[in-house]
Amino acid sequence: MKKNKYLPILFGVVVLVSVFSWFIWGNSQSNNKFSNNNDNKVEQTSETTDKKDDTKTTETENVKKSDQIEKEPSQNHLWTAEKAQALQSFISEWQVEMNQFYTSYTPDSPLNYYGYLTPKISTVESDSMTPALNDSPINVEWSDTGDKPGVYNLVAVYSDYEQSYPDVKHLYYFVIKDGQSMVLHTSQNQGNENNWLYFTETENIDLKNGFKTIVGQ
């Protein structure tokens, strides 16, 4: 009878222990889930922050590149190799209409025009004659860009001097002075007391306008 008396008590203790253990285990699982969720949120926040930082970095680099492009000096020259080619094409057509045939000359391949070597790199180089326009000497300098202010930038030289005809030879200077295009012409074939080579602006409207159009392109 004593054994039967303690069985309900023992059973109650077992149940209480089981319930208490189940409660402790449940709280532990809940805390783990909460911890995992927080970890995921931290990782997501970190990834989002990294993406924002990358976006800001890219935007900053783009702004710097844009500023660099704006600060770079312009490369738009008054005269270029492309314009020189355009002038050569124009002369090849124009000379047929004039029944004259012209050769292009450069400092690397100059023309000996009645003892006057032209074109030259600069006026410092020795020569036998000084170019003059409207009875005044002018400062003519060879140029690949036509940009130098205050001087006659000589960008092209054409002449029929080496042709077997005509008897009267023609020398053309294509110059740019302070942004303005000019075609200078001479047929002078002898020296003078001033030792000047006298030029005048060409009266050929087609040649003048053709050069002006090319410079303005």
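The values are calculated or read from the model by the stated rules, or taken from the named source; none is laboratory data. On a predicted model such as this, the values are computed, not experimentally measured, just so you know. For neighbour counting, all protein chains shown are included, and Cβ atoms are generated from backbone atoms with ideal geometry for every residue, glycine included. Each accessible area value is taken on the protein alone, full model and side chains, heavy atoms only, with ligands, DNA and RNA left out. Shrake-Rupley method; radii C 1.70, N 1.55, O 1.52, S 1.80 Å.
Can you say whether P166 is open to solvent by 40 Å² or more (accessible area, probe 1.4 Å) and under 17 Å from Q88 (Cα atoms), as far as the supplied structure shows? When the stated conditions are applied, P166 does not pass them.
What are the residues in the range 85-114 that are touching a Phe, Trp or Tyr at 6+ places or on another chain (Cβ under 7 Å) and among the aromatic types (F, W, Y), if any? Selection gives Y102, Y113.
Listed here are the residues, each with its yes/no results for (1) assigned to a helix (DSSP H, G or I); (2) of a type in the set (S, T, Y); (3) open to solvent by 50 Å² or more (accessible area, probe 1.4 Å).
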position	(1), (2), (3)
L78	no, no, yes
F90	yes, no, yes
E97	yes, no, yes
I121	no, no, yes
A132	no, no, no
D144	no, no, yes
K148	no, no, yes
N153	no, no, no
N194	no, no, yes
